[in-house]
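**Q** Attaching a single structure in structure tokens format; questions to follow.
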Amino acid sequence: METLCVITSTIPRRLKMSHESPQVPAVAQPPGLSRRTLGVPALVFMTIAASAPLTVVAGGYPANFAVTGVLGVPLSFLVLGACLTLFTVGYAAMSSRIRNAGAFYAYIAQGLGKRTGVGASFVALTAYNSIQIAVYGLFGFASATFINEKTGADVPWWATAGVAFLVVAWLGINKVDFSVRVVAVMVGLEFLAVIVFDVAAFAVQPEGVSATGLMPSDLFTAGVGAALAFSIASFMGFESAAIYSEESKDPKRSIARATYISVAIIAVFYAFSAWAMMTGTGPGQIVAASRELGPGLLFAFLGQNVGTLMADLAQMMFLTSLFAALLAFHNAVARYVFSLARENVVPQRLAYVNPRTHAPVAGSVAQSITALIVIVAFAVAGNASDLGPLFPVLTLFTWLSNSAAAGLVLLLVLVSLAVIGYFRRNDHELALWTTVIAPVLSALALGGVFVLILANFDVLIGSSGPSPLSWVLPAIAIVPGAAGLWWGHHLKIKSPAVYEYIGHGGEGTPGENEYDLQAPDCDEVRVN
């Protein structure tokens, strides 16, 4: 005799079914990420930490002025801020409807198709891994140089980078709110150091205060492409709030708010500080001083005009700025790996989450192993290099950070297009501005920036002309996308059940629901 079981589908899955119906026992699911842990301030701190404010001021500005010779660097941040605000319009609308630690991956999968989503996920993993590992090169150089200057020792860059690696790896397997507290302190100190510099710069003003650097004629010159390509890298990480959507207290609102706030702070603060650097050095001297001193420009200015103590403190905060960026990007990669593994796009064992801390341990360890392999490879290669102490900056940092920037901008273009596709297929009451006009403008603007990055890649990596690296490094960002498209097609053919679920991991998956239902032993199950 067949046994028929009827389950009423209107009963919420989160109800304590084991207590109310002995016929449908509750089955505990594997742990997911922490729920309702991060508020808007925490998300903003993690986002701004990824963009590393003091690193941009100390390293990004002088590099941009020195290489491009363009005085409109301050204005470039406002122009790019406007472009990214257009991007955020559709991005915020998507974030209120899709909650997934894969962020870009999930948005593109649901807006442009599952295969494209898998391709985008491979680009995202490569880009975030690249920028995270690149920062180890700059951190190793800056920290070793600081220690050697103060103590007379001869510490190699890879030794201090190794110490940072161990701390990041340890923090990565702990609760995310603990990482946020560490990052919040570091970001606060960064802003304080930059504000001190800004005040001193406007107090010194050797050539007076003028609007130079903020006028369109200062930016839109022969070097505008390279200047914008340099500046867009300073925004890397602004979009990372969505990666923590499954851990946010109010994902429908907090992701959008955090992203808007981050874009506004980054654009205005960076533009103002770049203008301050130009004013404090003198518009007529900024290019020559940047070429002569490089990242030392800020510290030399502080030492001369504020005091040696402040210059030393700023250098220490520069290191904490780099460390905060390392931790922020490490967390981003770990969550991308978790998101893909949860859906079986990559091996499912990589979705392991610590049941006590809810940290994506497997994804964190995978990122740490990847970083360690690259650091060791560059450490070995640097022993035979003629570049001396600058080797990790001119190779590891420069190469991978620019590759990452190209990958990120490509993802921004795809997400802009995904917004249009998603809202075309899903019912909504949003304005045409949100679902079509702003995303189209964003795709066009950011697509132009992507072309500029590719066209000026030899300039970005410091090459005197076209070289194999100007083709190989952008390929590092783009080729994984092609591999992802193939893998997505493979999953569609060989694993249709896995393929069907792609991009929907944060919606109704283990971790979202505290309990799932398991039907009792029946010959037939009917859901009403």
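The values are calculated or read from the model by the stated rules, or taken from the named source; none is laboratory data. Please read all numbers here as calculations on a predicted model, not as lab measurements. Note: ideal-geometry Cβ built from the backbone for every residue, glycine included; neighbour counts use all protein chains shown.
**Q** All but one of (1) over 19 Å from I420 (Cα atoms); (2) touching a Lys or Arg at 6+ places or on another chain (Cβ under 8 Å); (3) of a type outside the set (V, I, T) hold for S76; state the number of the condition that does not hold.
**A** (2)
**Q** Turning to a different aspect of this structure: If the requirement is being modelled with pLDDT of 85 or more and part of a helix (DSSP H, G or I), which of these qualifies: A324, A256, A267, A242?
**A** A267
**Q** Residue check: is A377 of a type in the set (A, V, I, L, M, F, W, C) and either in a helix (DSSP H, G or I) or within 18 Å of A120 (Cβ to Cβ) (or both)?
**A** So A377 fits the description; yes.
**Q** So is G280 farther than 26 Å from A405 by Cβ, out of contact with any Gly (no Cβ under 7 Å at 6 or more places or on another chain) and in a helix (DSSP H, G or I) or not? Outline the logic, then answer.
**A** On the way: farther than 26 Å from A405 by Cβ: yes; out of contact with any Gly (no Cβ under 7 Å at 6 or more places or on another chain): yes; in a helix (DSSP H, G or I): yes.
When the stated conditions are applied, G280 passes them.
**Q** Of the conditions (1) under 27 Å from L390 (Cα atoms); (2) outside any helix (DSSP H, G or I); (3) among the aliphatic types (A, V, I, L, M), I98 satisfies every one except a single condition; which number is it?
**A** Every condition holds for I98 apart from (1).
**Q** Which residue, of S231, S210, S217, is out of contact with any strand residue (DSSP E or B) (no Cβ under 9 Å at 6 or more places or on another chain) and in a loop (DSSP other than H, G, I, E, B)?
**A** S210
**Q** Could I ask something else about it? Quick one: in region 101-117, of everything that is surrounded by 24 or more Cβ atoms within 10 Å (Cβ to Cβ) and not in a helix (DSSP H, G or I), which residue is modelled with the highest pLDDT? Before the answer, list the steps.
**A** We begin by selecting, within region 101-117, every residue surrounded by 24 or more Cβ atoms within 10 Å (Cβ to Cβ); these are 101-109, 111, 117.
Next, from what is left, pick out any that are not in a helix (DSSP H, G or I): 101-103.
Numbers: A101: 67, G102: 68, A103: 76.
If we take residues in region 101-117 being surrounded by 24 or more Cβ atoms within 10 Å (Cβ to Cβ) and not in a helix (DSSP H, G or I), then A103 is modelled with the highest pLDDT.
**Q** Related question: Please go through (1) outside any helix (DSSP H, G or I); (2) at pLDDT below 90 for V346 and return the number of the only condition it doesn't satisfy.
**A** Condition not satisfied by V346: (2).
**Q** Which number in (1) in a loop (DSSP other than H, G, I, E, B); (2) under 29 Å from S76 (Cβ atoms) marks the one condition that A384 misses?
**A** Failing condition for A384: (2).
**Q** How many residues are of a type in the set (S, T, N, Q) and surrounded by fewer than 24 Cβ atoms within 10 Å (Cβ to Cβ) when one looks only at region 230-253? Step through it out loud before you land on a result.
**A** To start, the set of residues in region 230-253 that are of a type in the set (S, T, N, Q) comprises 231, 234, 240, 245, 248.
Retained after the next criterion (residues that are surrounded by fewer than 24 Cβ atoms within 10 Å (Cβ to Cβ)): none.
Total meeting the criteria: 0.
**Q** Another question about this same structure. Of all residues in region 365-378 being hydrophobic (A, V, I, L, M, F, W, C) and buried (at least 21 other Cβ atoms within 10 Å of the Cβ), which is nearest to S463 (Cα to Cα)?
**A** Per the stated criteria, the residue is F378.
**Q** Inside region 468-485, can you point out the residues that are surrounded by fewer than 20 Cβ atoms within 10 Å (Cβ to Cβ) and under 17 Å from E343 (Cα atoms)?
**A** L485
**Q** Do any residues in region 81-109 that are on the phi < 0 side of the Ramachandran plot and touching a residue at least 60 places away in the same chain (Cβ under 8 Å) have Cβ atoms under 8 Å from those of residues that are of a type in the set (K, R) and crowded, with 24+ Cβ neighbours inside 10 Å, where the two are at least six apart or on different chains, and which pairs are they?
**A** A101/R335; G102/R335
**Q** What about V57, is it under 23 Å from F230 (Cα atoms), at pLDDT below 90 and hydrophobic (A, V, I, L, M, F, W, C)?
**A** So V57 fits the description; yes.
**Q** Let me ask another. Among the residues of region 38-54, how many are surrounded by fewer than 24 Cβ atoms within 10 Å (Cβ to Cβ) and either over 18 Å from the mean Cα position of the chain (by Cα) or not hydrophobic (A, V, I, L, M, F, W, C) (or both)?
**A** Qualifying residue count for the region: 2.
**Q** If you check L298 against the conditions, is it over 15 Å from M277 (Cα atoms), part of a helix (DSSP H, G or I) and of a type outside the set (F, W, Y)?
**A** Here the answer is no, as L298 does not meet what is asked.
Results for (1) among the hydrophobic types (A, V, I, L, M, F, W, C); (2) farther than 25 Å from G237 by Cβ; (3) in the same structural domain as L80 (by TED's automatic domain parsing), shown as yes or no for each residue.
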{"site": "S385", "(1), (2), (3)": "no, yes, yes"}
{"site": "W399", "(1), (2), (3)": "yes, no, yes"}
{"site": "A405", "(1), (2), (3)": "yes, no, yes"}
{"site": "V436", "(1), (2), (3)": "yes, yes, yes"}
{"site": "L441", "(1), (2), (3)": "yes, no, yes"}
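**Q** Would you call G213 of a type in the set (G, A, S), closer than 28 Å to F457 by Cβ and assigned by TED's automatic domain parsing to the domain that holds R97? Explain how you work it out, then say what you get.
**A** Numbers: of a type in the set (G, A, S): yes; closer than 28 Å to F457 by Cβ: yes; assigned by TED's automatic domain parsing to the domain that holds R97: yes.
Spelling it out, G213 is indeed of a type in the set (G, A, S), closer than 28 Å to F457 by Cβ and assigned by TED's automatic domain parsing to the domain that holds R97.
**Q** May I pose another question? With the checklist (1) among the aliphatic types (A, V, I, L, M); (2) surrounded by fewer than 24 Cβ atoms within 10 Å (Cβ to Cβ); (3) closer than 20 Å to A332 by Cα in hand, flag the one item A82 doesn't pass.
**A** Result: A82 fails condition (3) only.
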